[in-house]
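Inspection log for the structure reproduced underneath, given as structure tokens.
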Amino acid sequence: MAGGGLVGLLKGNRTSLPIGYGSSPETTSTGSLDCVTDASTVVAEPGTSFQPTYQSSLGPAQATTGRGLEVIGNSYGSMVHPPAALGRDYLSAFERQSNQGSLNTIQKKDSTTAAITYTALSDRKSGLLPPVRSPGGVREYKVDTIDRPLNVAHGSIFRAWTFNGNVPGPIMRATEGETLKIHFNNLTSMPHSLHFHGTHDVNYDGWEPIPPGKSTEYIIKAGPPGIHPYHCHTAPIDTHIAKGLLGALIVDPNPARPPAREVVLILNGYDLSGRGRNDLFCWNGIAGFYDRYPIRVKVGELVRIYVVNMVEFDPIASFHLHAQTFDVYRTGTRMTPDEHTDIVTLGQTERAILEVRFERKGRYMFHPHQSYMAAKGAMGWFVAV
Ligand SMILES: [Cu+2]
């Protein structure tokens, strides 16, 4: 990028939108690496100073070797910034305020739509985390596999394989015992599938590859209660998951858990250069997002966090919260907490439901205690107000 261009950007004259946000994948896909660095994504918001940022193998060597972090990090250890074009609402599909719908109002809203479909390439900010609903029999979802470049951090574009155009795929939700009917369309040139964790009819287990251009239907009974990942199960499985084919299903018990401020936090990694190791770590697909945009909660309210570890290549991850301990319901299958702590360690695809009340106003840091994951994008904050 020419110097004048950078100055222009610093004045707020953005020359083009980053890939993945309203731009066409066909016209912006370049290069053979999983990561392409596009000068158009190196932007700073008006009034802010430009900070050099992590750029994978195409960027500063110290970013990938762990040397010289002081050059590109901030004072509390995060090296990665989210794409400048994203606003704080971008990941709202993973959050729900405790007053956004009781059982009754939600039932009314949903009664006209037995089928809940997600439009391919839809912007995640258009939705909220699905609400708890009274059992309604059948819940239908449409899931398409789509190849798509995504701007996953400031200056980093990842050629993702997605469910419905985003990483993670849609957060599905059902009440225990309901039937999930999932219409699956493979819109890519590779075989893929959709495999759920949990208990279900083994005939719909989703490990069988669905060829390119083909469709299928998965019919599973939601259960047991908890938070269950779903992912593609086509070989090589680690690649298919690491490329982005992952998501989660919340199964609510009946009766439901108490109303709470809810947030889903799915941890994943991005291998930007195809070496079989992760260069970025993200909660909900965007590195550095919750560092810039803390999750806002009210002092004293019940906050329920659905944490899922979907990181490939690293066998262990964790969720650690500063200054406030929480109850842990491992997998969420039981209604009594397994422990009360400030960190929960999770192997690959392990998950937990955490319940916490922030007792004082302030900023509470959260991150995996695998510190390199925190430094490379998985540092975030809750702000209790
Ligand atoms: Cu796949």
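The values are calculated or read from the model by the stated rules, or taken from the named source; none is laboratory data. Owing to the predicted nature of the structure, the values given are computational and were not obtained by experimental measurement. Neighbour counts are summed over all protein chains in view; Cβ atoms, including those assigned to glycine, are modelled from backbone coordinates with ideal geometry.
Select from region 333-352 the residues that are part of a loop (DSSP other than H, G, I, E, B) and among the hydroxyl-bearing types (Ser, Thr, Tyr) and write down the one among them that is farthest from ASP271 (Cα to Cα). Restricting to residues being part of a loop (DSSP other than H, G, I, E, B) and among the hydroxyl-bearing types (Ser, Thr, Tyr), the top hit is THR336. The set of residues in region 189-207 being at pLDDT 95 or above and surrounded by fewer than 18 Cβ atoms within 10 Å (Cβ to Cβ) consists of SER189, MET190, PRO191. Inside region 174-218, residues that are assigned to a loop (DSSP other than H, G, I, E, B) and hydrophobic (A, V, I, L, M, F, W, C) make up a count of 4.
Only residues that are near the ligand (Cβ under 9 Å from one of its atoms) and touching a Phe, Trp or Tyr at 6+ places or on another chain (Cβ under 6 Å) were counted across region 225-235, and they come to 1. Looking at THR349, is it of a type outside the set (Asp, Glu), at pLDDT 95 or above and surrounded by fewer than 17 Cβ atoms within 10 Å (Cβ to Cβ)? Considered against the rule, which asks whether it is of a type outside the set (Asp, Glu), at pLDDT 95 or above and surrounded by fewer than 17 Cβ atoms within 10 Å (Cβ to Cβ), THR349 comes out as no. Filter region 254-274 down to residues that are under 15 Å from ARG159 (Cβ atoms) and surrounded by fewer than 24 Cβ atoms within 10 Å (Cβ to Cβ) and give me whichever is nearest to the chain's Cα centre (by Cα). Here the answer is ASP271. Among the residues of region 151-163, just one is away from the ligand (no atom under 13 Å from the Cβ) and surrounded by fewer than 24 Cβ atoms within 10 Å (Cβ to Cβ), namely ARG159. If the condition is being touching a residue at least 60 places away in the same chain (Cβ under 8 Å) and outside any loop (DSSP other than H, G, I, E, B), then region 353-366 contributes ILE353, GLU355, ARG363, MET365, PHE366. Considering only residues of region 126-148 that are among the β-branched types (Val, Ile, Thr) and in a strand (DSSP E or B), which is farthest from ASN254 (Cα to Cα)? Going through the qualifying residues, I end up with ILE146.
For region 162-175, what are the residues that are closer than 20 Å to VAL307 by Cβ and of a type outside the set (Phe, Trp, Tyr)? Listed by number, the residues that qualify are ASN166, VAL167, PRO168, GLY169, PRO170, ILE171, MET172, ARG173, ALA174. Output the residue which, of all residues in region 178-188 that are more than 15 Å from ASN164 (Cα to Cα) and surrounded by fewer than 19 Cβ atoms within 10 Å (Cβ to Cβ), is farthest from the ligand (Cβ to nearest atom). Applying the filter and picking the extreme gives THR179.
None of THR199, THR175 is more than 12 Å from the ligand (Cβ to nearest atom), among the polar types (S, T, N, Q) and touching a residue at least 60 places away in the same chain (Cβ under 8 Å) except THR175.
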